[in-house]
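Below is one structure, written out as structure tokens; the observations come after it.
The values are calculated or read from the model by the stated rules, or taken from the named source; none is laboratory data. Given the structure is predicted, the values throughout are model-derived calculations rather than measurements. Virtual Cβ from ideal backbone geometry, glycine too; neighbours counted across all protein chains shown.
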Amino acid sequence: MARVHYLQHVPFEGLGSIEPWMQQHEHTIRCTRLYDNESLPEVRDIDWLIIMGGPMGIYNYDQHPWLKTEKQFIRACIDADKTVLGICLGGQLIADVLGGKVSAGIEKEIGWFPINVTAAGKETSIGKVLSEAQSVFHWHGDTFAIPAGATHLCSSDACENQGFLYQEKVLGLQFHLETTAQGADALCRECESELVAATHIQSAASMLASEQRFHEANALMEKILRELSKTL
């Protein structure tokens, strides 16, 4: 049983399908809601850190001053050899603390699009799981550089750097495998202004058309969680 702690940046982006998997495996779950200025735990009191997504940029310190403290905490967890998973904004935060620059992407990527696993990625257990994906759910405008010493896992047509693995137990993903149909519906409502006509932006109706897609993505998330749990 692991002590899992997750960092949440907005009310509408929680653990999604990760939560029932953690409960099923009897891991304890705690949360810091940074948007409510909740305090971070002691690094020694957690085994597994999960950093969720959010619409803010990782350098928006004026609007979100807690970002600086959050980055220090993430760095401390990595240095303490904790298992760490970052999704979308979370992946960008991990990349940043490891020295990988985060910048605006060439275009936004919102909706269901395929990813391509790199040759190096296919040599990892995480990359082998990602190779099973037909398409994954994206919602991002920024992108990260792959940190030095990390394995570049995958790319997409709209975004070269979609995932990386560092020291076998620190995983940054740009896309969302944890999002449920309900979570995607909330994103479409809360971030509706981003759904404009563009090559790699789908309509809310298109994104929500198939609940089976979410089930398939969630199943891949469970496989990745199983792989990460081996590093605890």
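Suppose we filter region 30-42 for residues that are out of contact with any Phe, Trp or Tyr (no Cβ under 7 Å at 6 or more places or on another chain) and under 21 Å from LEU225 (Cα atoms); how many remain?
2
So, GLU107, is that one farther than 19 Å from LEU85 by Cβ and modelled with pLDDT of 95 or more or not? Before you say what the answer is, go through the steps one by one.
Working: farther than 19 Å from LEU85 by Cβ: yes; modelled with pLDDT of 95 or more: yes.
In short, yes.
Here's the yes/no breakdown for (1) over 15 Å from CYS77 (Cβ atoms); (2) without any contact (Cβ under 8 Å) to a residue 12 or more places away in the chain; (3) surrounded by fewer than 16 Cβ atoms within 10 Å (Cβ to Cβ):
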| position | (1), (2), (3) |
| --- | --- |
| GLN8 | yes, no, no |
| PRO11 | yes, no, yes |
| MET22 | yes, no, no |
| ILE29 | yes, no, no |
| ARG44 | no, no, yes |
| TRP48 | no, no, no |
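Only residues that are of a type outside the set (A, V, I, L, M) and over 15 Å from PHE113 (Cα atoms): list them for region 179-211, please.
THR180, GLN182, GLY183, ASP185, CYS188, ARG189, GLU190, CYS191, GLU192, SER193, GLU194, GLU211
What's the number of the condition GLY99 fails, among (1) in contact with a Phe, Trp or Tyr (Cβ under 8 Å, 6 or more places away or on another chain); (2) on the phi > 0 side of the Ramachandran plot?
In the conditions (1) in contact with a Phe, Trp or Tyr (Cβ under 8 Å, 6 or more places away or on another chain); (2) on the phi > 0 side of the Ramachandran plot, GLY99 misses (1) alone.
Determine whether region 102-112 contains at least one residue that is free of Cβ contacts under 8 Å to residues at least 60 places away in the same chain and either closer than 17 Å to LEU171 by Cα or basic (Lys, Arg) (or both).
yes
Can you tell me which condition ARG189 does not meet? The list is (1) in contact with a strand residue (DSSP E or B) (Cβ under 8 Å, 6 or more places away or on another chain); (2) within 29 Å of MET22 (Cα to Cα), and all the others hold.
(1)
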